[in-house]
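Input: a single structure, listed below in structure tokens.
The values are calculated or read from the model by the stated rules, or taken from the named source; none is laboratory data. The structure displayed is predicted, hence computed values, not measured ones. Virtual Cβ from ideal backbone geometry, glycine too; neighbours counted across all protein chains shown. Remember, those area values only see protein heavy atoms, side chains included, never the ligands or the DNA or RNA. Shrake-Rupley method; radii C 1.70, N 1.55, O 1.52, S 1.80 Å.
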Amino acid sequence: QMQLVESGGGLVQPGGSLRLSCVVSGSINSINAMGWHRRPPGKQRELVAVITSGGSTNYANSVKGRFTISRDNAKNTMYLQMNSLQFEDTAVYYCSAVKDSVEYWGQGTQVTVSS
């Protein structure tokens, strides 16, 4: 059973930055794809960004140019660098990983953008 633990959330002003981390128990080398998702208040969960085992990335239109997803296989960690944060980025952020056709999820970390 693989476990994912997010960290790095918090309160930030508009225009600020945060970096989220997702630590995976075990090696991430065998993981097919990893991603970040978010659930804004009162809304459904949405995909933010994904990264494949080959390093290809894809982003939601709302975060393109502001967010960067990356992974460090040596540290079994995935990151989400979030710049130019906006009120609309307020949400609980979750990381996910797909391995052997099974999807695993973290518990989430709260990001609040407020002045």
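Exactly one residue out of 94, 104 is of a type in the set (Phe, Trp, Tyr), closer than 15 Å to residue 7 by Cα and touching a residue at least 40 places away in the same chain (Cβ under 8 Å), and it is 94.
Scanning the range 1-15 for residues that are exposed (fewer than 13 other Cβ atoms within 10 Å of the Cβ) and hydrophobic (A, V, I, L, M, F, W, C) yields one hit, 11. Considering the conditions (1) open to solvent by less than 60 Å² (accessible area, probe 1.4 Å); (2) under 20 Å from residue 115 (Cβ atoms), residue 87 is excluded by exactly one of them, (1). Of all residues in the range 16-50 being assigned to a strand (DSSP E or B) and within 12 Å of residue 77 (Cβ to Cβ), which is most open to solvent (accessible area, probe 1.4 Å)? My answer is 19. Here residue 16 passes the criteria (1) in contact with a strand residue (DSSP E or B) (Cβ under 6 Å, 6 or more places away or on another chain); (2) in contact (Cβ under 8 Å) with a residue 12 or more places away in the chain except the one numbered (1).
For the range 52-78, taking the residues that are open to solvent by 30 Å² or more (accessible area, probe 1.4 Å) and part of a strand (DSSP E or B), the one that is nearest to residue 113 (Cα to Cα) is identified as 68. Counting only residues that are over 14 Å from the mean Cα position of the chain (by Cα) and either part of a strand (DSSP E or B) or not charged (D, E, K, R) (or both), the range 86-96 holds 2 of them. Restricting attention to the range 4-35, the residues that are of a type outside the set (A, V, I, L, M, F, W, C), more than 11 Å from the chain's Cα centre (by Cα) and modelled with pLDDT of 95 or more total 6. Of the residues making up the range 40-48, one or more are in contact with a His (Cβ under 8 Å, 6 or more places away or on another chain) and either modelled with pLDDT under 95 or hydrophobic (A, V, I, L, M, F, W, C) (or both).
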